1. Is it the case that region 465-480 has a residue that's surrounded by fewer than 20 Cβ atoms within 10 Å (Cβ to Cβ) and not in a helix (DSSP H, G or I)?
2. Kindly indicate which of 333, 337 is out of contact with any helix residue (DSSP H, G or I) (no Cβ under 6 Å at 6 or more places or on another chain), farther than 23 Å from residue 421 by Cβ and in the same structural domain as residue 399 (by TED's automatic domain parsing).
3. Is there any pair linking a residue in region 585-606 that is on the phi > 0 side of the Ramachandran plot and surrounded by fewer than 17 Cβ atoms within 10 Å (Cβ to Cβ) to one that is part of a strand (DSSP E or B) and modelled with pLDDT under 90, with Cβ under 6 Å and at least six apart or on different chains, and which?
4. Could you please let me know if residue 495 is over 21 Å from residue 564 (Cα atoms), in contact with a strand residue (DSSP E or B) (Cβ under 8 Å, 6 or more places away or on another chain), in a helix (DSSP H, G or I) and in the same structural domain as residue 449 (by TED's automatic domain parsing)?
5. Would you mind telling me which numbered condition in (1) out of contact with any strand residue (DSSP E or B) (no Cβ under 7 Å at 6 or more places or on another chain); (2) surrounded by 18 or more Cβ atoms within 10 Å (Cβ to Cβ); (3) under 30 Å from residue 584 (Cα atoms); (4) at pLDDT 90 or above residue 424 fails?
6. State whether one or more residues within region 540-547 are surrounded by 12 or more Cβ atoms within 10 Å (Cβ to Cβ), assigned by TED's automatic domain parsing to the domain that holds residue 467 and in contact with a strand residue (DSSP E or B) (Cβ under 6 Å, 6 or more places away or on another chain).
7. In this structure, does residue 393 turn out to be closer than 23 Å to residue 245 by Cα and outside any loop (DSSP other than H, G, I, E, B)?
8. Answer yes or no as to whether residue 174 is surrounded by 15 or more Cβ atoms within 10 Å (Cβ to Cβ), out of contact with any helix residue (DSSP H, G or I) (no Cβ under 6 Å at 6 or more places or on another chain) and either at pLDDT below 65 or on the phi < 0 side of the Ramachandran plot (or both).
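The values are calculated or read from the model by the stated rules, or taken from the named source; none is laboratory data. Small disclaimer: the values here were computed from a predicted structure and weren't measured. Using ideal geometry, Cβ is built from the backbone for each residue, glycine included, and neighbour counts are taken over all protein chains shown.
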């Protein structure tokens, strides 16, 4: 249950509402407060919280209201008056009892976010009607209750809070902290309590689709959440664009007016407007996932955008010239009609025209249509920079000088310059060379990690395959490191030939270890093709005698002769579903374990972990395929 501190339905949306008639410190107000407590004159509201993967409602947040005909209807007024008369504990406990009672009577599905002040959490009786025994009276199990800490204070007794959180977790409750980003105390509270849920303050959600700083902040918070096994709840989602942005960041859960307003009898399904936003976001993810070069270091054209104010075709030539004169760095000006790009005006073309004698006198007060290039390069903001580079290079010199116009859904967003594009391409190439494996020139650890994060962010389904050579050290000892390097290079070439470049990503971890991130639907057939082709790819590296005997003798560290079979290949695979809240760390751990299982089998082998990451299942769900 969340104490909504404003007169609106959602916390923090409006300014506080002052008590209109009864003074807070009056005896009449105290009597009114006590009457509310005795007669239980509080009303609950519930606001849905959804899974951002599919729009399914996973639970509700409880809100509270005072009597409708009272100046204490506003929760801000209610708790301010309660604080003055030292009745906060009584009001909080009554609020939770009322919320739990109605939650049970409405038979609402999923979890209930129940507000608890940190000061009460440390009191063994502080939860009131939320202890396991008392919850049974409502027919609610503790694992459906999330204790949400919402009060902001400059200092907490953190050791006591940790012990209290441990106590309640032992009874099956989960912990959430609210309004992350409102102050430093919530960040420390996250670190101290390690909550299962973190609710991100609505300030960072409002306009996130238009604010790169907020986008970067939320992406960083999401990264911290992944590493600390917490799930983010984005509060205050009010527009379709905000919902799509949050979904694109793979935030776990969402809440806000677009999803559902607080109500005494809340919806149990997603409203049409929010459902449409989900459909469009899913379409965007599929589109970018199928784009061969949409990844390219996760760089899209929007990072090159300059938000230049456009002009209309009715703008006078004099005004356009003055604009270029006032802004020496401005290379071009977009021309837009009703939000749709019409053309672009080049700086040097304009200056050249005005340099002609009498041109300004004759045409200065006329509309700028004579200056407009009506064939500009117009691209969507999410196009990959590599693809944009190909478009620009194939265009003529005039368009390269003009730059390009960026749109969002066909509407003007900003412009970019050819210079900025070339600088970005150079940066990507330098980074690619910097992190490439020097032996195979394949992407190394950093690009591998970035690509996994990219696939997780867009909600892609993929198979992660760990490729490792068996008995490679004995081979190196017998044949030398040059032959060892040759075998690794041949393996890299073989793996590349069995990948679909537009959909699959191949990286070289180092040594004889490779990673393939398959998005091809036939990835199992590709794995088998790799194993089938591997013996032939390396057969001439071995001597005829060793091929005949199927191996060779080497000495171990004690000088004992040991027979080592010819080098073979092991593949360990785990699948990542779009519906899973999976972390990069979990994927790395799982594929390393799958590779170990593959290496336990003789010869060229494939081990497929059929269990979903983080979902234990019987071993019969696994596939062991030696080849």
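1. yes
2. The conditions single out 337.
3. Close Cβ pairs (under 6 Å, with a partner that is part of a strand (DSSP E or B) and modelled with pLDDT under 90) amount to 603/626.
4. Numbers: over 21 Å from residue 564 (Cα atoms): yes; in contact with a strand residue (DSSP E or B) (Cβ under 8 Å, 6 or more places away or on another chain): yes; in a helix (DSSP H, G or I): yes; in the same structural domain as residue 449 (by TED's automatic domain parsing): yes.
Yes, satisfied.
5. Failed condition: (4).
6. Quick first cut of region 540-547, residues surrounded by 12 or more Cβ atoms within 10 Å (Cβ to Cβ) only: 541-543, 546-547.
Filter once more, keeping what is assigned by TED's automatic domain parsing to the domain that holds residue 467: 541-543, 546-547.
With the extra rule that they be in contact with a strand residue (DSSP E or B) (Cβ under 6 Å, 6 or more places away or on another chain), the set shrinks to 546.
Yes, there is a match, as at least one residue in region 540-547 is surrounded by 12 or more Cβ atoms within 10 Å (Cβ to Cβ), assigned by TED's automatic domain parsing to the domain that holds residue 467 and in contact with a strand residue (DSSP E or B) (Cβ under 6 Å, 6 or more places away or on another chain).
7. On the way: closer than 23 Å to residue 245 by Cα: no; outside any loop (DSSP other than H, G, I, E, B): yes.
So residue 393 fails the test.
8. Working: surrounded by 15 or more Cβ atoms within 10 Å (Cβ to Cβ): yes; out of contact with any helix residue (DSSP H, G or I) (no Cβ under 6 Å at 6 or more places or on another chain): yes; either at pLDDT below 65 or on the phi < 0 side of the Ramachandran plot (or both): yes.
Taking the combined requirement at face value, the residue satisfies it.
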